[in-house]
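One structure below.
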Amino acid sequence: MFNVLVQYFKKFKFKLDRHTFHWLIFIAILIIVSSAALIMLVEPDEQFANFIDALWWAIVTATTVGYGDKYAVTILGRIISIVVMLLGIGIVGGITAKLADIFIDFKRRRELGELEAEYSGHIVICGWSNKAKEIINQILNEDIDRKQIVLVADIERDPFPDNNLVHFVRGDITREEVLKRAGVQRAKSAIVLNSDENDATTVLTVLTIETLNPDIYTIAEISSSENKIHLKNANVDEIIVNNQINSQLMVRSALYQGTSQVISELLSNESGNEIYIFAADKQDVGKIFLDVFTKYKREDDIILLGIKRKDKIITNPANDEEVKSGDKYFYIAKTKAK
């Protein structure tokens with residue numbers, strides 16, 4: 001509960017009735033300090049040798065813990081003890097109830113998607129469908145250092161209420177204020193799903209995202225290839241055409257049986273090999289692709305698929321293709337190599 005409260009105050013910062021809470025704390029301190037001073041006046045010195053002992057007694061009595069190591073022996077002292085216990089039950093109960101309200105309100109607002117996400121370097125997923133659920137599960141299963149996800153969708157409740165790595169923000173994915181609440185301006189990447197099968201929604205969303213954060217890496221899904229030009233104009237980094245990919249995969253599978261199984265294994269992190277990427281080592285610069293291909297297959301048992309050179313992708317490079325500074329390798333492996 002303490003971690004939740006820290007997260008509540010430091011990260012989400014939504015308001016509570018500070019006036020009531022501050023008064024409860026003030027009254028509790030006043031009762032403890034004043035009762036400690038009174039008990040020292042009415043009790044023998046050997047019972048409460050110093051103010052620290054009296055303060056300890058006041059706290060234990062007010063919270064009704066009752067260790068019994070310090071207690072009143074005079075009639076007046078016992079009357080003070082009774083008053084402190086009765087007042088303590090009410091004040092401590094009030095503080096506890098207020099903290100419980102904070103916890104409950106926090107949980108409720110989180111489930112309703114009302115809390116602002118203040119992360120940085122996270123992944124924003126816009127749109128909700130079974131595909132979005134699968135994407136989130138794949139990311140959570142991926143072996144990466146940071147996999148904080150912010151889901152933006154116009155649905156009633158958080159579909160991942162018990163997972164702190166998924167933060168839900170409710171609202172229209174095309175609205176600037178909603179995307180700001182998702183922390184798009186500090187996000188590392190964004191996936192915009194065509195959940196309503198309306199390419200106009202996708203285009204409008206990515207335009208808003210790119211306006212808020214020109215450095216973000218965006219992946220957008222559309223239904224019609226005719227709309228790719230609009231996404232390119234919006235500086236989308238990767239465009240996925242739904243029907244086109246499915247039809248192409250079915251054709252390749254019909255012509256070359258087993259193709260879909262290979263693609264499925266490479267794209268899933270549940271079993272088999274996956275596709276990864278890492279930056280070329282400095283010692284690779286200047287070498288030809290065939291040499292580095294052989295080196296990594298022999299030493300790390302990975303297969304290099306191609307090179308990413310700035311915005312250009314070179315698949316199955318020529319044997320004599322020279323590796324340059326800043327190149328990245330796409331590779332296949334059972335686990336992430338670097």
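The values are calculated or read from the model by the stated rules, or taken from the named source; none is laboratory data. On a predicted model such as this, the values are computed, not experimentally measured, just so you know. As a convention, Cβ positions derive from the backbone with ideal geometry for all residues, glycine included, and neighbour counts pool all protein chains shown.
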*Considering only strands (runs of 3 or more DSSP E) fully contained in the range 290-338, which possess at least 1 residues that are crowded, with 17+ Cβ neighbours inside 10 Å?*
303-309, 328-333
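Every residue, every condition in (1) in contact (Cβ under 8 Å) with a residue 40 or more places away in the chain; (2) over 14 Å from GLY113 (Cβ atoms); (3) hydrophobic (A, V, I, L, M, F, W, C), yes or no:
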{"position": "GLU134", "(1), (2), (3)": "no, yes, no"}
{"position": "LEU140", "(1), (2), (3)": "no, yes, yes"}
{"position": "ASP162", "(1), (2), (3)": "no, yes, no"}
{"position": "ARG175", "(1), (2), (3)": "no, no, no"}
{"position": "GLN185", "(1), (2), (3)": "no, yes, no"}
{"position": "ASN194", "(1), (2), (3)": "yes, yes, no"}
*asked:* Being under 14 Å from ILE219 (Cβ atoms) and more than 16 Å from the chain's Cα centre (by Cα): is that true of ASN194 here?
replied: yes
*If you go through the range 112-140 one residue at a time, how many are of a type outside the set (Lys, Arg), surrounded by fewer than 17 Cβ atoms within 10 Å (Cβ to Cβ) and assigned to a helix (DSSP H, G or I)?*
5
*Return a yes/no flag: does the range 149-171 have any residue that is within 21 Å of ILE102 (Cα to Cα), crowded, with 18+ Cβ neighbours inside 10 Å and of a type in the set (D, E, K, R).*
yes
*Out of the range 45-74, which residues are buried (at least 18 other Cβ atoms within 10 Å of the Cβ) and among the hydrophobic types (A, V, I, L, M, F, W, C)?*
PHE48, ALA54, LEU55, TRP57, ALA58, VAL60, ALA62, ALA72
*asked:* Criterion first (of a type outside the set (Phe, Trp, Tyr), over 26 Å from ASP143 (Cβ atoms), modelled with pLDDT under 90 and not in a helix (DSSP H, G or I)) does GLN257 satisfy it?
replied: yes
_Failed item in (1) modelled with pLDDT of 90 or more; (2) not in a loop (DSSP other than H, G, I, E, B), with ARG252 passing the rest_ = (1)
*Say whether the condition of being surrounded by 14 or more Cβ atoms within 10 Å (Cβ to Cβ), farther than 26 Å from GLU265 by Cα and of a type in the set (Ser, Thr, Tyr) is met by at least one residue in the range 174-195.*
yes
*Hey, can you tell me all the residues within the range 238-247 that are touching an Asp or Glu at 6+ places or on another chain (Cβ under 9 Å) and either loosely packed, with under 14 Cβ neighbours inside 10 Å or assigned to a helix (DSSP H, G or I) (or both)?*
ASN242
